[in-house]
Amino acid sequence: MDLKQLKAFVTVAETGSVTAAARLLNIVQPAVSRQLRLLEEDVGIALFTRGRHGMELTDAGKTLGDYARRALTELDRARAEIRPSSGTVGGIVTVGLLPSTADMLSSALLRAVAANYPGIRLRLTSGYAGHLQSWLETGDVDVALLYDSKPNPALKFRPLLDESLWFVGPPASGLDKRTPVRMAEVIGRPLVLPGAPHGLRSLVEQAARTQDIELDIVAETNAMSVQKRLVLDGHGYTILPSIAVVDDVDRGILAAAPVVDPVLTRRIVLAQPAARTMANSVRCVTKELVQCIRDAVERDQWPSAHWLAK
């Protein structure tokens, strides 16, 4: 198994075609086929089948694909870090952002990294906390934002901020971000919430139990955009982090108010692999990410947030 074989394998897997892979790799088609054949002989099992949509991975191929992509990514990172542009910090850094934070932070982070570390190639990915945690553990992500979770020996956490959750409704609901609503009022409305065991769902259910009130859940979805759409279409209300709706509220698309009695809060932490040596490029991007978040809090772009990091 060598680098040429892995590149050919991953390219065919992504394009579904030996011809397309040859074009992308700038080599002749028989050379790609030969690399695949050698790789299959090495691992002793078929990696592809020819299906209706071209070359399709077998179960073994899918397993190898995960490792092959990771290996190629690590080599790209090593090359970029070993041979950066003269006088600059170089490397490929993958940052995981929560869906509620991605819109606000992605542009600010890219701008800061480009200005201060032009030798760094930034990769941004968005996912729910469970996915991001898994990607951190497998090395697919270098640093990520997570909601506060149970201790994990594979990861190290740095608390950044606490944020309040808002009760969200259509513009005609009369909700106002300057006027909090009591939890008892929230629970009594039809709700669109994430499915269990989503962290936000657990918070709301716990609050409902303290009020001895049963939730009226009219729909479940883990897609934040769908939660908003269902609210706009009059199916009910939802509960989201303030950062996820502040722009919609300011533009009059949605209405929202902080929840009190009890206050619903979530903690956002910076997470990194515990056992992996932090490359200088990752350290630099992490510093810029934390600064972007702090700037957003201080400029009141992240309402109902309380800064924790020192």
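The values are calculated or read from the model by the stated rules, or taken from the named source; none is laboratory data. Since we're looking at a predicted model, the values are computed, not measured. Here Cβ is always computed from backbone atoms with ideal geometry, including for glycine, and neighbour counts include all displayed protein chains.
The lone criterion from (1) at pLDDT 90 or above; (2) farther than 22 Å from W302 by Cβ; (3) not β-branched (V, I, T) left unmet by N152 is number (1).
If you scan segment 124-137, which residues turn out to be exposed (fewer than 15 other Cβ atoms within 10 Å of the Cβ) and either in contact with a strand residue (DSSP E or B) (Cβ under 7 Å, 6 or more places away or on another chain) or in contact (Cβ under 8 Å) with a residue 40 or more places away in the chain (or both)? Once the filter is applied, which keeps residues that are exposed (fewer than 15 other Cβ atoms within 10 Å of the Cβ) and either in contact with a strand residue (DSSP E or B) (Cβ under 7 Å, 6 or more places away or on another chain) or in contact (Cβ under 8 Å) with a residue 40 or more places away in the chain (or both), segment 124-137 yields nothing.
Residues that are within 21 Å of S100 (Cα to Cα) and small (G, A, S) within segment 186-239 comprise G195, A196, G199, S202, A219, A223, S225, G236, listed in sequence order. Scan segment 218-254 for residues that are small (G, A, S) and within 30 Å of A309 (Cα to Cα) and report the count. Selection size over segment 218-254: 4. None of L38, L64 is hydrophobic (A, V, I, L, M, F, W, C), surrounded by 14 or more Cβ atoms within 10 Å (Cβ to Cβ) and more than 33 Å from the chain's Cα centre (by Cα) except L38. L270 meets the conditions (1) modelled with pLDDT of 95 or more; (2) touching an Asp or Glu at 6+ places or on another chain (Cβ under 7 Å) in every case but one. The failed one is (2).
Taking the numbered list (1) over 25 Å from G127 (Cβ atoms); (2) out of contact with any helix residue (DSSP H, G or I) (no Cβ under 7 Å at 6 or more places or on another chain); (3) surrounded by 14 or more Cβ atoms within 10 Å (Cβ to Cβ); (4) hydrophobic (A, V, I, L, M, F, W, C) in turn, L3 passes all entries but (3). Checked against (1) over 30 Å from E163 (Cα atoms); (2) of a type in the set (K, R); (3) at pLDDT 90 or above, R52 passes all but condition (3).
Counted as qualifying within segment 105-175 are the strands (runs of 3 or more DSSP E) with 2 or more residues that are of a type in the set (S, T, N, Q), namely 120-126.
T11 - would you say it is crowded, with 17+ Cβ neighbours inside 10 Å, β-branched (V, I, T), in contact with a Phe, Trp or Tyr (Cβ under 9 Å, 6 or more places away or on another chain) and touching a residue at least 12 places away in the same chain (Cβ under 8 Å)? No.
Among the conditions (1) within 22 Å of H306 (Cβ to Cβ); (2) assigned by TED's automatic domain parsing to the domain that holds S126; (3) of a type in the set (A, V, I, L, M, F, W, C), the only one that V141 does not satisfy is (1).
Of all the listed residues (D103, D142), the sole one being acidic (D, E) and crowded, with 19+ Cβ neighbours inside 10 Å is D142. Would you mind stating whether V89 is touching a residue at least 40 places away in the same chain (Cβ under 8 Å), surrounded by 17 or more Cβ atoms within 10 Å (Cβ to Cβ) and outside any strand (DSSP E or B)? So V89 fits the description; yes.
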